[in-house]
Amino acid sequence: MFTASVTGTGIYTPQRIMTNQELERVVETTADWIVSRTGIKERRIAAPEQATSDLCLEAARGALEDAGITAADLDCIIVGTITPDMVFPSTACIIQGKLGATRAAAFDISAACTGFIYGLQLAKQGIEAGSWEHVLVIGGETMSRILDWQDRNTCVLFGDGAGAAVISRSNGKGARILGVHLGADGSGGDCLILPAGGSRLPASAETVAERKHYIAMNGHEVYKFAVRIVEEAAGQVLSKLGLTFADVDYLVPHQANLRIIEGFAKRLKLPVDKIAINLDLYGNMSGASIPVALHQFKHKLNTGDKVLLVSFGGGLTWGSCLLEW
Ligand code: UT7
């Protein structure tokens, strides 16, 4: 059997910074409220002409260069996103065309903030089975396009960005994917939802007037779910590998709320310098949060470190992954 490794990473974050102070002029909020409840100080907002595939493309090019391969080497492109350029063609197909990855299959995954980890699992399985040699997994979002800028419960939380990773058949290079655990609970889907624009509620003058093309969230319910599920998801992937929390050297968590991250880090007994935290500068980039954080903090990792990725989000979905650096 083959094994799969992360052999390259890349990111793109838009230039435009939106601070909490700026949001004070958009909705009834305060910069202090946002920082104290979430840890977020600012976020990036895509330029009007940029769509999700544009952000992903930049991240993808960086990851290919880092891995030392070309687009022609790719067997598959998987994009985790809830803000695709359009319903179809998939964002992954748009990227495949622009990269010139002529040998690659391409498709999107809709698993919200967990999309990147869902993608890692598929890449790992395809490589282990011998079907693929190089897979590009991307998490990319333009959350600013689906936020209700009149809803202070959600618009202060999210940001735009993209992160990509090349997953390759192991040849002694890169960080081995030791294991992945995925889960879902569709009965909680209403907690975090974009209600209209699909076959249930096609776009109409009414759906637009009722602001149903924007994210709606029961923040309190998602918070309770998140606190429980990060620990459960992490425990699941570790126990599959015969490991415990004590074996984790570094944590790359989903960047939804600093309080959730700090609570979990305490359970892991990890000091703050062993946790990738970028939500202060980028907010919650949904599926892009983990690959962007992994790229930004990988210089802190040492050979042999066991790196735990853990995420949760709309669906509801969750996932965890253990890498050996
Ligand atoms: O990626 C996965 C998706 N999302 C998440 O993981 C989010 C999970 N949830 C959270 O992070 C937190 O629940 C929030 C940050 C969304 C909210 O923090 P909280 O400490 O749970 O606040 P709360 O929901 O209990 O709301 C407290 C109050 C409410 O006012 P009342 O009803 O008590 O008068 C809200 O209306 O805070 C109010 N509030 C705000 N006030 C100022 C909500 N948003 C804001 C705001 N500025 N932006």
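Dividing the convex hull volume of the alpha carbon atoms of the chain by its residue count gives 127 Å³ per residue. The antiparallel fraction among DSSP beta bridges confined to region 178-324 stands at about 75%. Since only LEU201, ILE229, THR317 are under comparison, the one whose Cα sits farthest along the positive direction of the charge dipole of region 178-324, derived from C-beta charges on Lys, Arg, Asp and Glu, is ILE229.
Would you please name the trypsin sites (Lys or Arg not before Pro) within region 264-321 that are DSSP coil residues with at most 11 other C-beta atoms within 10 Å of their C-beta? Listed in order of number, the matching sites are LYS269. Using a cut-off of 19 Å between alpha-carbon atoms, which lysines can reach LYS300, once sequence neighbours fewer than 8 places away in the same chain are excluded? Reachable lysines: LYS173, LYS269, LYS274. On a per residue basis, region 68-139 carries 36 Å² of accessible surface, using protein heavy atoms and a 1.4 Å probe. Counting only DSSP beta bridges with both residues in the chain, the antiparallel share comes to about 70 percent. Taking Lys and Arg as +1 and Asp and Glu as -1, the other residues whose beta-carbon sits under 13 Å from that of GLY314 total -4.
Using the 1.4 Å probe convention, the accessible area of region 1-57 works out to 49 Å² per residue with neighbouring protein chains retained.
Value of Rg to Rh for region 122-265, rounded to two decimals, is 1.02; Kirkwood radius and Rg both from alpha-carbon coordinates. Rolling a 1.4 Å probe over the protein heavy atoms gives region 281-323 an accessible area of 24 Å² per residue.
Against the empirical 2.2 N^0.38 Å (N residues), region 46-100 has a Cα radius of gyration ratio of 1.12. Only DSSP H runs of four or more residues enter the estimate; each adds -39500 (n - 2.57), and after division by the residues of the chain the mean residue ellipticity at 222 nm equals -9500 deg cm²/dmol.
Protein-only accessible surface at a 1.4 angstrom probe places the residues HIS181, HIS299 in the order HIS299, HIS181, largest first. Relative intensity of region 178-324 on a log10 scale, I(q)/I(0) at q = 0.15, 0.16, 0.18 Å⁻¹, equals -0.77, -0.85, -1.02, per a Debye sum over C-alpha point scatterers of equal strength in the absence of solvent. Over region 1-157, the Kirkwood radius and the radius of gyration, each from Cα atoms, give a ratio Rg/Rh of 1.04. Among the helices of the chain, those built from whole DSSP H runs whose Cα atoms reach 18 Å or more along their own axis and whose mean Kyte-Doolittle hydropathy is at least -0.5 are 52-67, 115-128, 219-240. The alpha carbon centroids of region 187-202 and region 122-176 are separated by 22 Å. Pairwise Cα distances in region 253-325 exceed 13 Å for 66 percent of all pairs. Note on region 122-173: the alpha carbon radius of gyration divided by the globular reference 2.2 N^0.38 Å gives 1.75. Computed over protein heavy atoms with a 1.4 Å probe, the carbon and sulfur contribution to the accessible area of the chain reaches 52%.
The values are calculated or read from the model by the stated rules, or taken from the named source; none is laboratory data. In this text the structure is predicted, and so the values were computed from the model without any measurement. No Cβ is skipped: glycine too gets one built from the backbone with ideal geometry, and neighbour counts run over all protein chains shown. For the accessible areas, the whole protein counts, side chains as well, though only heavy atoms, and no ligand, DNA or RNA atoms are used. Shrake-Rupley method; radii C 1.70, N 1.55, O 1.52, S 1.80 Å.
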